[in-house]
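See below for the structure under consideration.
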Amino acid sequence: MNRISNIWIYIVLLSLIPVSAGATKFISIKGEGYLADTVYNDDLFITGDKIKMESRVDGDLFAFCQEIVHLDTVLGSFNSFSLNAQVLGPVKQSYRGWGYSINCNAPVGRNILIFGKEITIGPQAKIAQDGDMFCSKLIFQGRLDGNLKIMADNAEINGHVGGDIEFEKGHLKIGPDAVIDGGIYYRSPQKAEISNSANIYGEINWEEIETGDRNAGTGITFGKILAWIFSVRGYLLLLSVVSLILLVFSVIPFPALLIIVLYSVIFLISGNVVILLTKDRMRKTLTTIENKFLPSLGLGFIIFFVAPVVSLVILLTLVGAPLGMALLFIFGAALFAGTVYASTFLGWKVWDILGGKAENRSGYLCYSTGIVLLIILSFIPVLGYLLATVAIMTGLGGLAQTFKSKNL
């Protein structure tokens, strides 16, 4: 993995470090797996292309890869960010998965949360608490002792659910082998297909959604696309897509020159979009960094390390999970915006040194100059990481101060 990839993966991983980060291991592999019977006594972050995980992890496991097959035990929680994931070994705490195709066929000691296109919960899966599934297609054949929440186009339940099932969106099928100790509450344009052989001990409640109402006013125009992108929701999704693209580029062995070009294009376009959306905020942030550089760096240092830890602690609690997710999104947006503003400030200073006239310097020009300079600096071993991190912290701290200062 080249230095350009490393510097941004380094920043992403820092923002995900849990409380026990002092003992965390970060490993990038080129092979297809780990030897069986290997034990990692700490939290483990792994990246790669195709990974066969046969090692035990006594802490939490974070996997960023194209494909992963997990076969051994994780004593903590398992978080997989993978195109395809197979969870075949026990997870003593919670499993959280993001990907295209996810197959869980192993015991999970707490909760399960999955976002994917195709999700399969196999017959060997025994989930001790609640489950949340967001997908296009779900096949559930295992056992879940808590409540099961589903948002899917098609879902087929042929396992044992100890609590209630809450379903929303498309077609729900309850197979003949299904056992539901609670009730079924679903919102759908069509009535669920429920086998007469299924055992359902609670009530069944159907709230019909009119298909016409769901599809009304969905004509797509250029104006609607622009309005959506300029909304907060669209902006957050834009940041998420950019982050996923960066992750894909980091785990797939593209040619180094191609990665440099793609990174440059992504950051130039997305950064200039941020400047276009937040010109007034950018001006205030640059003024703050200029007048309060060290306070901005100090505050950015605190936010950089404390905010993701607090967000993850809240996220790991069942009640606070939505708040934790929201805080992570806010932190990610602030981190990216801080990077853009720090790059703009750097480019501003470069043009000052070169003697350019202030009235001829746009934010777009300064940002483009600064981000290219940061990319070039990233080729410097160790020092490049340090300078980029300091710049990002300063931008983050300067941005944070603009929200409490009314005089800028």
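All of the numbers you see were taken from the coordinates with simple rules; none came from a lab. In this text, all values refer to a predicted model and were calculated from it rather than measured experimentally. Cβ sites come from the backbone with ideal geometry, for glycine too, and all protein chains shown count toward neighbours.
The table below gives the values:
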read-out: Net lengthening on full extension, D49/Q124 (0.36 nm per residue, minus Cα-Cα); value: 24.3 nm
read-out: Per-peptide average of other Cβ atoms within 10 Å, ordering 77-86, 363-372 highest first; value: 77-86, 363-372
read-out: D181-D153 pseudo-label distance in nm [points 7 Å out on the Cα-to-Cβ vector]; value: 3.4
read-out: In sequence order, calculated HN-Hα J values of region 38-50 (Karplus, 6.51, -1.76, 1.60; Hz; x Gly/Pro); value: 6, 10, 10, 7, 10, 5, 9, 10, 10, 10, x, 9, 10
read-out: Label-point separation, T38 to L88 (7 Å along Cα→Cβ), nm; value: 1.8
read-out: Inter-label distance, nm, simple model (7 Å from Cα along the C-beta direction), D352/F293; value: 0.8
read-out: Residue-by-residue Karplus 3J(HN,Hα) for region 106-118, coefficients 6.51, -1.76, 1.60, Hz, glycine and proline x; value: 7, x, 10, x, 10, 9, 9, 9, 9, 10, x, 8, 10
read-out: Efficiency of FRET from Cβ geometry, Q190 and V309, R₀ 41 Å, rounded to 0.05; value: 0.40
read-out: Residues with amide H under 5 Å from that of I174, placed H, sequence gap 5 or more; value: I157, E193, I194, S195
read-out: J(HN,Hα) series, region 72-82, from Karplus relation 6.51 cos²θ - 1.76 cosθ + 1.60, nearest Hz, glycine and proline x; value: 9, 9, 10, 7, x, 9, 10, 10, 10, 10, 9
read-out: Greater than 29 Å apart at Cα, pairs in K52/K126; K92/K191; K50/K173; value: K92/K191; K50/K173
